[in-house]
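Chemist: Take this structure, written in structure tokens, and hold onto it; I'll ask about it next.
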Amino acid sequence: MSQHEQALLVAEGLGARVVQIDPEFANRPPAPYRAAQRAGVAFIGGYGHQPNVDAVHFLCTDIWPRITASRPDIVLHVVGSASPPEFAAYASANVVIHGRIEDLDAFLDTVRLTIAPLRYGAGVKMKLITSLAAGVPAVVTPVAAEGIGLDGAGFVVADDPDALASAVLALYDDTKRLGQLSAQAKRAVQNRFSARAVRARYKKAVGV
């Protein structure tokens, strides 16, 4: 459950009975982030979850063509299990449909950006936290950023195809800005999602 959903439940009158605890996720030292030594943009998701399927269709039909119109050299990597057969139609020189990747950490250590153009969905969006924990900046919709409590640290929010494409294009070669976002992401995830931070919130929730 995200902070956003907690607020909705409180608004319905549940009050102090609602406790929201984030998952532990800062579980590995991220690799050094040097944007100039990385390439590509990745979308990460499990495709048994319909919001992720919708996001890939939205990304490949409405957003990515806007990017490749001016930067055909940037490659999109669509990563995740249970990839539906229709994704194959998007495969091209600048769109790679990977399916499940055995070592996601190692893969994230090679990409420059991730993108999460979710149009609907609930709960904490782990794809964004996964990216930020690895120190990889992200471009996301408001739905993808909803309720994670990081206040934009490490990611840029945009909410329509033109704005999402423009954000990717603006960031992709801005190595200084990317480095700043990566550093913000690592600090923010450690502060909110490390075992230490989660343990402290559990103790507060149960009153010990």
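The values are calculated or read from the model by the stated rules, or taken from the named source; none is laboratory data. Being a predicted model, the structure only gives us computed values, none of them experimental. All Cβ positions, glycine included, derive from the backbone under ideal geometry; neighbour counts span all protein chains shown. Quick note on the areas: whole protein, heavy atoms, side chains included, nothing else; ligands and nucleic acids left out. Shrake-Rupley method; radii C 1.70, N 1.55, O 1.52, S 1.80 Å.
Chemist: What list of ³J(HN,Hα) couplings, whole Hz, do you get for the stretch 132-147 from phi and the Karplus terms 6.51, -1.76, 1.60, once you set θ to phi - 60° and write x for glycine and proline?
Modeler: Running phi through 6.51 cos²θ - 1.76 cosθ + 1.60 with θ = phi - 60° gives 5, 4, 7, x, 9, x, 9, 10, 9, 7, x, 4, 5, 8, 4, x Hz.
Chemist: Amide H neighbours of residue 124 under 5 Å, counting only residues 5+ apart in sequence or on other chains, H built in-plane at 1.01 Å?
Modeler: 2
Chemist: Further question: Mind listing which chymotrypsin sites (Phe, Trp or Tyr not before Pro) in the stretch 79-144 are in a DSSP loop and have 16 or fewer other Cβ atoms within 10 Å?
Modeler: Those that pass, being in a loop and sparsely packed, are 120.
Chemist: Check the straight Cα-Cα distances from residue 203 and name the lysines below 25 Å, setting aside those fewer than 8 residues away within the same chain.
Modeler: Result set, ordered by chain and number: 125, 186.
Chemist: How high is the relative contact order of the chain, in percent, with contacts defined as C-alpha pairs under 8 Å that are six or more residues apart?
Modeler: Across the chain, relative contact order equals 26 percent.
Chemist: By how many nm would the segment from residue 176 to residue 205 grow when fully extended, if each residue of separation counts as 0.36 nm and the alpha-carbon distance is taken off?
Modeler: Gain on extension, residue 176 to residue 205, equals 6.5 nm.
Chemist: Next question. Out of (1) 41; (2) 59; (3) 45, which label holds the value of percent of Cα pairs over 24 Å apart that was computed here?
Modeler: Correct label is (1).
Chemist: For residue 49 and residue 120 in one chain, what is 0.36 nm times their gap in residues minus the Cα-Cα distance, to one decimal in nm?
Modeler: 24.4 nm is the gain from fully extending residue 49 to residue 120.
Chemist: If you take the square roots of the eigenvalues of the alpha-carbon gyration tensor of the stretch 27-121 and sort them as a ≥ b ≥ c, do you get rounded (a/c under 1.5), prolate (a/b over b/c) or oblate?
Modeler: The shape class here is oblate.
Chemist: Name the residues whose placed amide hydrogens come within less than 5 Å of the amide hydrogen of residue 114, ignoring near sequence neighbours (fewer than 5 apart) on the same chain.
Modeler: Hits under the 5 Å cutoff: 42, 138, 139.
Chemist: Just to confirm the number: angle between the C-alpha axis of helix 195-206 and the first principal axis of the chain, 0 to 90 degrees, nearest 10?
Modeler: Once rounded, one gets 40 degrees.
Chemist: Tally up the carbon and sulfur contribution to the accessible surface of the stretch 38-176 as a whole percent, 1.4 Å probe, everything protein left in place.
Modeler: 54
Chemist: Next question. Using only DSSP helix segments of four residues or longer, with each worth -39500 (n - 2.57), what per-residue ellipticity at 222 nm results for the chain after dividing by its residue count and rounding to 500?
Modeler: Computed ellipticity for the chain at 222 nm equals -11000 deg cm²/dmol.
Chemist: Not counting the cut sites, what is the longest span of the chain without GluC sites (Glu not before Pro) that DSSP labels loop and that have at most 16 other Cβ atoms within 10 Å?
Modeler: Here the longest run is 103-208.
Chemist: Something else about it: Please return the longest range in the chain lying between exposed loop sites, taking trypsin sites (Lys or Arg not before Pro), DSSP loop only, at most 15 other beta-carbon atoms within 10 Å, and leaving the sites out.
Modeler: Answer - 120-208.
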